[in-house]
Amino acid sequence: MENRVLSGMRPTGALHLGHYHGVLKNWLTLQNEYDSYFFVADWHAFTTHYSDKIDLAGNVSEMVVDWLAAGINPNTSTIFVQSKVPEHAELHLLLSMTTPLSWLERVPSYKDQQEKLKTKDLGTYGFLGYPLLQSADILIYKAGLVPVGEDQVAHIELTREVARRFNYVYGREADFEEKAELAVTKMGKKQAKSYRSLRKSYQETGDLEALYKAQALLREQQNITLGDRERLLGYVEGVGRIILPEPESILTKASKMPGLDGQKMSKSYGNTISLRDTSEEIETKVKRMPTDPARVKLTDAGDPKKCPVWQLHKIYSDAQTCDWVQDGCTYAKMGCIECKQPIIDAIKEELSPMQERIAKYQSDPELIKQIIHEGSEKARGVAQETMAEVREAMGIVY
Ligand code: TRP
Ligand code: SF4
């Protein structure tokens, strides 16, 4: 499904401005163009935090409230929770059968995270397998596009390899060629002729245009079964049936949102502004931000490039205000507190309507439960269809 987007977040609880500018705003654009699935990866929390007491229920609902308050629309996007679609676990198990250990061991985050989280024993089966669980999350919806940050791109690469191998192993029926040829005839004369010629040009000259045209042609076919479509998709490429299509990643640029100290905004650095911070908290946090250390006294000239406050101006301020900062800082015409005021105002203005919506959703926990329930039921329907095909391909039908 080239037009299906899927992405997930671990249930970290209430979100901060880094999530909003780095991830959610991107989701908001995507949800208007694609059939979007956004989910809370609650099982994933256990891959690293299996022995910590976390208030999962609280975290899940806070995070979903923040998604909604940011503008994720439950009427057009499917919002769900991973564990409410247990088929993810079934696909994870089945995919584990064909996934070489070495593929998982060489995923960079495997070693990186073990280094980073030294106090935890991450020599577990679940942690090694977590990118494969992520592959199952994606493949079960046949998602075409997965928006992720840089650190996750390797997981999408793995997902592609896992899908390719699955299709190769289970998409090769003994009588594949005959079945594919029979399916071609079911398309009708004219369409069959185009299909054959596109297939020929792709196979003989590697013409990608021809491949895409053939794929588009197959998508439009109304009179062939899903199984035949998968066969014909694979037949163009000279592989077996394509049961699990390979997704592409959409790289979300590194969070544009710097934290209060100029590093990337992240809970673990303690440099965040939460979407739920009150006006007073916002004010205190921004007023405490470090500035160019050269500006000890009001008369000391500064350099915005050396100041985290300037990073925030680049996000929140218009050209005129930016000029005012450059001038006032470089020629020591104003103090840092004065320079920070427009940022304080802009953040308050950005968060105020969101906080109103957060309050509204928080006062109606039943509504949140219902949104999660309905989204999960819808997702589950799609997941069950894929699992029926997967079981059929593997011969798990009795
Ligand atoms: N692993 C992702 C993270 O830590 C979360 C995630 C789980 C995810 N499954 C996914 C993201 C599927 C995209 C698609 O951020
Ligand atoms: Fe930073 Fe503004 Fe102070 Fe310059 S005037 S150091 S940009 S806070």
Looking at Leu68, Leu117, Leu91, which one is modelled with pLDDT of 95 or more and within 14 Å of ligand 1 (Cβ to nearest atom)?
Leu91
Pick out the one residue from Tyr212, Tyr168 that is away from ligand 2 (no atom under 16 Å from the Cβ), free of Cβ contacts under 8 Å to residues at least 12 places away in the same chain, in a helix (DSSP H, G or I) and surrounded by fewer than 18 Cβ atoms within 10 Å (Cβ to Cβ).
Tyr212
Would you confirm whether or not region 227-238 contains a residue that is within 16 Å of ligand 1 (Cβ to nearest atom), buried (at least 17 other Cβ atoms within 10 Å of the Cβ) and either part of a helix (DSSP H, G or I) or not aromatic (Phe, Trp, Tyr) (or both)?
no
So in region 51-73, with the set limited to residues that are farther than 19 Å from Pro353 by Cα and among the β-branched types (Val, Ile, Thr), which one is least open to solvent (accessible area, probe 1.4 Å)?
Val60
Determine whether Ala180 is open to solvent by 70 Å² or more (accessible area, probe 1.4 Å) and small (Gly, Ala, Ser).
no
Log entry, pairs with first residue in region 331-343 being over 12 Å from Thr291 (Cα atoms), second being surrounded by 14 or more Cβ atoms within 10 Å (Cβ to Cβ) and among the small types (Gly, Ala, Ser), beta carbons closer than 6 Å, six or more apart or on different chains, reads Met334/Gly328; Pro342/Ser317
Quick check: anything in region 126-143 open to solvent by 20 Å² or more (accessible area, probe 1.4 Å), over 19 Å from the mean Cα position of the chain (by Cα) and among the hydrophobic types (A, V, I, L, M, F, W, C)?
yes
Would a scan of region 266-282 turn up a residue that is open to solvent by less than 40 Å² (accessible area, probe 1.4 Å) and touching a Cys at 6+ places or on another chain (Cβ under 9 Å)?
no
Region 70-83, residues that are under 12 Å from Asp137 (Cα atoms) and not in a strand (DSSP E or B):
Gln82, Ser83
Specify which of the listed residues (Lys193, Lys189) is among the charged types (D, E, K, R), modelled with pLDDT of 95 or more and open to solvent by 60 Å² or more (accessible area, probe 1.4 Å).
Lys193
Any helices (runs of 4 or more DSSP H) falling wholly within region 305-398 and containing at least 2 residues that are closer than 19 Å to Ala69 by Cβ
336-362, 365-394
Would you call Val153 of a type in the set (Val, Ile, Thr), in the same structural domain as His44 (by TED's automatic domain parsing), within 11 Å of ligand 1 (Cβ to nearest atom) and buried (at least 22 other Cβ atoms within 10 Å of the Cβ)?
no
Please verify whether Thr330 is open to solvent by 20 Å² or more (accessible area, probe 1.4 Å), near ligand 2 (Cβ under 9 Å from one of its atoms) and touching a Cys at 6+ places or on another chain (Cβ under 6 Å), treating the condition exactly as stated.
no
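Yes/no matrix, rows are residues, columns are (1) over 16 Å from Leu198 (Cβ atoms); (2) modelled with pLDDT of 95 or more; (3) in contact with a Gly (Cβ under 8 Å, 6 or more places away or on another chain); (4) crowded, with 19+ Cβ neighbours inside 10 Å:
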| residue | (1), (2), (3), (4) |
| --- | --- |
| Asn223 | yes, no, yes, no |
| Gly240 | yes, no, yes, yes |
| Ala254 | yes, no, yes, no |
| Pro258 | yes, no, no, yes |
| Gly262 | yes, no, no, no |
| Thr284 | yes, yes, no, no |
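The values are calculated or read from the model by the stated rules, or taken from the named source; none is laboratory data. Predicted model only: the values in this text are computed from it and were never measured. So basically every Cβ, Gly included, is an ideal-geometry build from the backbone, and we count neighbours across all protein chains shown. These area figures cover heavy atoms from the full protein model, side chains too; ligands, DNA and RNA do not enter into them. Shrake-Rupley method; radii C 1.70, N 1.55, O 1.52, S 1.80 Å.
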